[in-house]
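Structure first, commentary second.
The values are calculated or read from the model by the stated rules, or taken from the named source; none is laboratory data. All of these numbers come straight from a predicted model, not from anything done at the bench. Note that each Cβ is placed from the backbone with ideal geometry, even for glycine, and that neighbours are counted across all protein chains shown.
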Amino acid sequence: MSEPFDAVDVIRAKRDGAPVPEDQLRWMVDAYTRGYVADAQMSAFTMAILLNGMSRDEIRVMTDAMIASGERMSFAGIGKRTTDKHSTGGVGDKITLPLAPLVATYGVAVPQLSGRGLGHTGGTLDKLESIPGWRAALTNDEMRAQLAGDVGAVICAAGTGLAPADKKLYALRDVTGTVEAIPLIASSIMSKKIAEGTESLVLDVKFGSGAFMKDESRARELAETMVALGSDSGVDTTALLTDMSTPLGRTVGNANEVRESVEVLAGGGPADVVELTVALAREMLRMAGVDADPSEALSDGRAMDTWRRMIRAQDGDPEAALPTPRETHVVTADRDGVVTRMDAFDVGIAAWRLGAGRARASDPVVHAAGIDLHAKPGDRVAAGDPLLTLNADDDARFARALDALAGAYDIGDTAPVPAPIVRARITA
Ligand code: URA
């Protein structure tokens, strides 16, 4: 088949700052997915995008072309409103685990297609796979049945049919230094969420050391771009800008994060995890037209009942013991004082080195590995008190994790001023 365009012309246009016409942009994405446009050409194009940006119209077309590369799911006919959440990724970010069953408790369907961790940020599926028997892969029919029935929430792996252009492009960006381009992040995330067929979406866009976006202004730009893309596609979209300079909660890893999520579902858990879970649930319920206070279903046990049904529906045993580490190492405070800083990135790297995360998509994770945080900013400690417990399956892992933690925290004399997790709310 003869091709209508030449990739070099499309690359030159973006390189020289000219607008890329819609038909050429659509062709570029399609021809790359088919293998006609080579990796070398697409990496030049994505680098030109990183350097010169994209107009809102170009981002919309790019997103649309990525959606068109695969299947489009629909939950029409299940008899419920649908709503979903996406987080741009952080350290200790277990929020999906309590959030999905919490929102489903109010009769709204939550089709939460999730990913695995890569690098220092954790993945929802890796955490849930610590639960004996739990299964991440569901067919579309199984998903629909779970959403329509008395569970109402699904957390599962995205099938290979959803936005295949993004899968190929993301792998290329990962090895060509082009992950950080806002138009590419926005089109990557939103193509998958729009193709998934949710009616509404809340975005948890994180900034700070443990996030993709280190500074708040770039996180805001990403949030605004994604909210516009969602709205242009008919998905009611809201974003919360949230602080990821300190790990969320008191656990970073897999099994330990499941334990903490269950504490939240039992009406307890760390205040920051509860605050963010409830803030995101409020947005999802509002967009689904439900007027309710989601904190009630955490305190009265209804969200926990939904969690148990959700885990059982995917062959997991919610009552089973979770994996425990073979080896532990405790880091203690070297002076009396108050913890003034606990750096999310350093703690994330340390947990990764302990085996909680993976370096390549095909690597296994160690479910019991990770870090328990005994003290966080604002907590008073005495010299010798435990600050962190490192968990691993092999004590040879501790040395490199401890290297990552060398400058991870400060203990001072004056407590830091407490700040809310949610810093801004962005709507269309
Ligand atoms: N997550 C995605 O799905 N895509 C990106 O580009 C970045 C984060």
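Determine whether V252 is in contact with a helix residue (DSSP H, G or I) (Cβ under 8 Å, 6 or more places away or on another chain) and either more than 21 Å from V91 (Cβ to Cβ) or not assigned by TED's automatic domain parsing to the domain that holds L387 (or both). Yes. Within region 411-421, one or more residues are closer than 30 Å to V235 by Cα and either assigned to a helix (DSSP H, G or I) or under 24 Å from the mean Cα position of the chain (by Cα) (or both). For region 139-186, a residue qualifies if it is within 24 Å of P101 (Cα to Cα) and loosely packed, with under 15 Cβ neighbours inside 10 Å, and the qualifying residues are T139, N140, D141, G149, D150.
In region 66-91, the qualifying residues are those that are within 14 Å of the ligand (Cβ to nearest atom) and farther than 28 Å from Q24 by Cα, and the one that is farthest from the chain's Cα centre (by Cα) is D84. Selection of region 376-394 for residues being surrounded by fewer than 13 Cβ atoms within 10 Å (Cβ to Cβ) and of a type outside the set (A, V, I, L, M) yields only G384. Per the listing E221, E275, E180, the residue uniquely away from the ligand (no atom under 16 Å from the Cβ), among the acidic types (D, E) and outside the structural domain of A351 (by TED's automatic domain parsing) is E275. Tally up the residues in region 117-132 that are within 19 Å of K214 (Cα to Cα) and free of Cβ contacts under 8 Å to residues at least 60 places away in the same chain, please. Result for region 117-132: 0. Among residues of region 392-403 that are assigned by TED's automatic domain parsing to the domain that holds L354, those with a beta-carbon under 6 Å from a residue that is part of a helix (DSSP H, G or I) and surrounded by 13 or more Cβ atoms within 10 Å (Cβ to Cβ) at least six positions away or on a different chain give the pairs A392/L354; A392/G355; R397/L354; R400/R353; A401/A350; A401/R353; A401/L354.
Restricting attention to region 292-317, the residues that are outside any helix (DSSP H, G or I) and touching a Pro at 6+ places or on another chain (Cβ under 8 Å) add up to 2. Filtering G370, G337, G348, G357 for residues that are closer than 30 Å to L138 by Cβ, in contact with a strand residue (DSSP E or B) (Cβ under 6 Å, 6 or more places away or on another chain) and not assigned by TED's automatic domain parsing to the domain that holds D150 leaves a single hit, G370. Considering the conditions (1) aliphatic (A, V, I, L, M); (2) outside any loop (DSSP other than H, G, I, E, B); (3) in contact with a strand residue (DSSP E or B) (Cβ under 9 Å, 6 or more places away or on another chain); (4) closer than 22 Å to G230 by Cβ, L162 is excluded by exactly one of them, (2).
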